[in-house]
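Participant: Can you keep this structure in mind? I'll have questions shortly.
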Amino acid sequence: MRALFLAVLMRDLRLAARRRIDALLPLVFFVVAVSLFPLGVGPEPQTLRHIAPGIVWVCALLATMLSVQHLYAGDQADGSLEQLLLAPQPAVAVASAKCVAHWLVNGWPLIVAAPLVGVLFDLSAPALGSLVIGLLLGTPVLSLLGGLGAALTLGVRSGGMLLILIVLPLAMPVLIFGAGAVGAVESGQSAAGHYSLLGALLIATALGAPLATAAALRISTE
Amino acid sequence: MTAGMRLFNFAAPSRFYTLTGTLAPWLWVLTAALSVVGLYMGFFVAPVDATQGNAYRIIFIHVPAAWMSMVLYLAMAFWAAIGWAFRARMASMLARALAPTGAMFTFVALWTGALWGKPAWGAWWVWDARLTSELILLFLYLGYIALVEAIDDPRRADQAGALLSVVGAVNIPVIYFSVRWWNTLHQGATISMTAAPKMAATMLTAMLILTLAFWAYSFAVVFMRVRAIVIERERHTAWVADLVRAGKGAGA
């Protein structure tokens with residue numbers, strides 16, 4: 001199981017390294033989408049500082065949803081997904097490896113870029129810190145949930161929109177606590193409670209989502 | 001034991017089709033009768049509210065609809081899971097038939113809530129914890145319906161829908177509590193419906209009668225829909241062919 005996990009993980013990372021522009025697109029989307037908000041809302045620093053955590057989190061959520069759509073599509077198209085599921089090792093290994101690879105390729109850049117984006121919104125240093133910690137805990141949950149959505153909508157008509165419709169309601173708690181942590185720090189409170197809840201969500205999702213994803217993959221490739 | 005065996009008999013689509021065909025007209029009659037009585041009590045017999053005037057009367061539709069929206073989601077997830085776990089075709093079809101009615105009730109609860117909110121709170125919509133989680137429930141229904149409709153193979157659609165509805169059911173408490181937490185974080189409790197004055201007995205009776213009416217309606221309309229699904233999926237079987245030959249199609 002561990003060998004399969006590592007093999008799939010390394011393969012996905014290598015594939016991402018060969019197509020660097022593809023891997024960077026979600027990051028570009030994230031930055032562009034975030035910078036649309038000041039244009040729409042207006043340039044008042046007070047307002048922008050107030051809504052910054054929500055904007056950054058919503059854009060990170062959308063960037064993840066867009067990047068996760070092709071998590072399994074390529075492997076299904078060339079038949080390798082079917083071969084992976086035929087392996088004697090459990091499909092959970094494939095599902096987890098795919099999610100970890102997705103997070104390493106798409107989640108990390110968002111976390112690195114978030115403080116830079118936060119500076120554009122004039123967030124204070126402690127608020128930037130809580131944004132990064134929140135994203136560190138929250139983006140893996142988004143990758144896991146997105147993986148489940150991608151497996152369920154594999155090869156389905158208008159799967160992209162469908163994935164977003166399916167996963168967004170499930171991802172709302174992450175958004176609430178992630179943006180809430182920054183808001184708490186901004187208003188001078190401790191964000192420890194938010195981190196704990198994000199951590200709890202991460203643990204629960206990490207335990208449940210790969211199993212559900214494995215089941216979804218079996219359903220979709222039957 | 002024998003009663004249990006007899007109940008399992010109805011897991012066969014043909015028997016279920018016959019049974020629901022017999023029950024549906026009676027359920028419609030029951031729905032109509034209960035609705036007339038409940039609406040009459042709610043709109044004419046129940047007293048005018050001291051603080052809210054007549055505007056409160058939307059409660060007689062709003063509250064039962066909100067209850068149904070939640071009950072039907074759990075019923076849908078339950079039957080979908082049964083259908084997936086035991087490969088029970090009838091349970092999967094039932095889950096499919098429940099979804100549109102549940103979504104409809106969720107929408108009705110939100111809509112009547114907005115109509116009630118305007119005179120009571122002065123706004124069509126507030127980001128109250130309950131309103132927000134009801135809205136998310138609507139999204140969960142829409143996600144299920146969209147996923148199930150997008151997959152052409154019925155078996156795969158049923159299983160994928162089952163997985164999604166179970167994941168949604170597990171997540172509902174998490175969503176509800178996080179929304180509540182978020183709400184108390186952002187603003188104080190501006191509206192407290194629990195602090196409302198005690199309800200008059202006639203009001204409660206009217207509400208319960210309408211709840212029963214909504215239950216009867218749900219059964220009736222879900223049975224009608226599931227009959228259509230049965231006919232469509234079992235169209236290659238002999239009993240459907242007999243049915244068609246006898247001139248009693250899905251519309252009978």
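Each value in this text was obtained by applying a stated rule to the coordinates, not by laboratory testing. Bear in mind that the values here come from a model prediction, so they are computed numbers and not experimental data. Quick reminder, even Gly has a Cβ in these numbers, built from the backbone with ideal geometry, and neighbours come from all protein chains shown.
Participant: Mean-square fluctuation check for chain A, GNM, Cα pairs under 10 Å: which of A:ASP12, A:ASP78, A:ASP22 is largest?
Facilitator: Among A:ASP12, A:ASP78, A:ASP22, the largest GNM mean-square fluctuation belongs to A:ASP78.
Participant: Counting pairs of alpha carbon atoms under 8 Å apart in space and at least six apart in sequence, what relative contact order in percent does chain B give?
Facilitator: Working: 270 pairs, mean separation 82.4, N = 252.
Answer for chain B is 33 percent.
Participant: What whole-number volume per residue, in cubic angstrom, does the convex hull of the C-alpha atoms of the stretch A:89-214 give?
Facilitator: 103
Participant: Ranked from highest to lowest mean number of other Cβ atoms within 10 Å per residue, what is the order of the peptides A:52-62, A:142-152, A:83-93? List each step's numbers first, then the result.
Facilitator: Details: A:52-62: 23.6, A:142-152: 29.5, A:83-93: 15.8.
Listed from highest to lowest mean packing, they are A:142-152, A:52-62, A:83-93.
Participant: Do me a favour and compute the ellipsoid semi-axes for the stretch B:1-107 from its Cα gyration tensor, root of five times each eigenvalue, largest one first, whole Å. Display every interim value, and only then the final one.
Facilitator: Numbers: eigenvalues 254, 62, 22 Å².
Semi-axes, largest first: 36, 18, 11 Å.
Participant: Any idea what log10 I(q)/I(0) is at q = 0.17, 0.25 Å⁻¹ for the stretch B:38-94, Debye with uniform C-alpha scatterers and no solvent?
Facilitator: -0.64, -0.92
Participant: Report the residue, chosen from A:PRO169, A:PRO210, A:PRO126, that carries the largest GNM mean-square fluctuation when chain A is represented by alpha-carbon nodes joined by springs under 10 Å.
Facilitator: In the Gaussian network model the winner is A:PRO169.
Participant: Given N residues in chain A, what is Rg(Cα) / (2.2 N^0.38 Å)? Please report the intermediate quantities before stating the final value.
Facilitator: Values: Rg = 17.8 Å, N = 222, 2.2 N^0.38 = 17.1 Å.
Its radius of gyration relative to the 2.2 N^0.38 Å reference: 1.04.
Participant: Given a Förster distance of 35 angstrom, what is the FRET efficiency for B:LEU74 paired with B:ALA114, based on the Cβ-Cβ distance and rounded to 0.05?
Facilitator: Step by step, r from the Cβ atoms, then E = 0.90.
Participant: On to the next question. For chain B, which semi-axes, largest first and in whole Å, follow from the square roots of 5 times the eigenvalues of its Cα gyration tensor?
Facilitator: Details: eigenvalues 274, 113, 40 Å².
The answer is 37, 24, 14 Å, longest axis first.
Participant: Next up: Roughly how many whole Å is it from the C-alpha centroid of the stretch A:150-183 to that of the stretch B:7-61?
Facilitator: With the stretch A:150-183 and the stretch B:7-61 each reduced to a Cα centre, they are spaced 36 Å.
Participant: Along the charge dipole of the protein assembly as shown, Cβ charges K/R +1 and D/E -1, which of A:LEU148, B:PHE86, A:ALA209 sits furthest on the positive end?
Facilitator: B:PHE86
Participant: Under the definition of partner shielding as Cβ atoms of other protein chains within 10 Å of a residue Cβ, what is the mean value for peptide A:189-200?
Facilitator: 1
Participant: Can you check how the C-alpha radius of gyration of the protein assembly as shown compares to 2.2 N^0.38 Å, as a plain ratio?
Facilitator: The reported ratio for this selection is 1.10.
Participant: Please give the FRET efficiency for A:SER158 paired with A:ALA206, using the beta carbon to beta carbon distance and R0 = 51 Å, rounded to the nearest 0.05.
Facilitator: Using R0 = 51 Å, I get an efficiency of 0.95.
Participant: Here's a follow-up. Relative contact order of the stretch A:2-221, please, whole-number percent, based on alpha carbon pairs below 8 angstrom and at least 6 residues apart.
Facilitator: Working: 261 pairs, mean separation 58.8, N = 220.
Relative contact order, the stretch A:2-221: 27 percent.
Participant: Name the most mobile residue of B:ALA162, B:ALA12, B:ALA129, meaning the one with the largest mean-square fluctuation, in a Gaussian network model of chain B with Cα contacts below 10 Å.
Facilitator: In the Gaussian network model the winner is B:ALA12.
Participant: Another one. Would you compute the Debye intensity of the stretch A:142-222 from its alpha-carbon atoms alone, equal scatterers and no solvent, and pass along log10 I(q)/I(0) at q = 0.17 Å⁻¹ to two decimals?
Facilitator: -0.71
Participant: Mind checking the dipole of the stretch B:1-127: about its Cα centre, +1 per Lys or Arg Cβ, -1 per Asp or Glu Cβ, Debye to the nearest 20?
Facilitator: Value, rounded to 20: 440 debye.
Participant: Which whole number gives the average, over all residues in A:160-169, of C-beta atoms from other chains lying within 10 Å of the residue C-beta? Could you put the intermediate results ahead of the total?
Facilitator: Numbers: counts 0, 2, 6, 2, 1, 8, 11, 1, 3, 13.
Shielding by partners across A:160-169 averages 5.
Participant: Once you place label points 7 Å from the Cα toward the Cβ at A:LEU120 and B:TRP127, how far apart are they in nm?
Facilitator: With each label point 7 Å from Cα toward Cβ, the separation is 2.2 nm.
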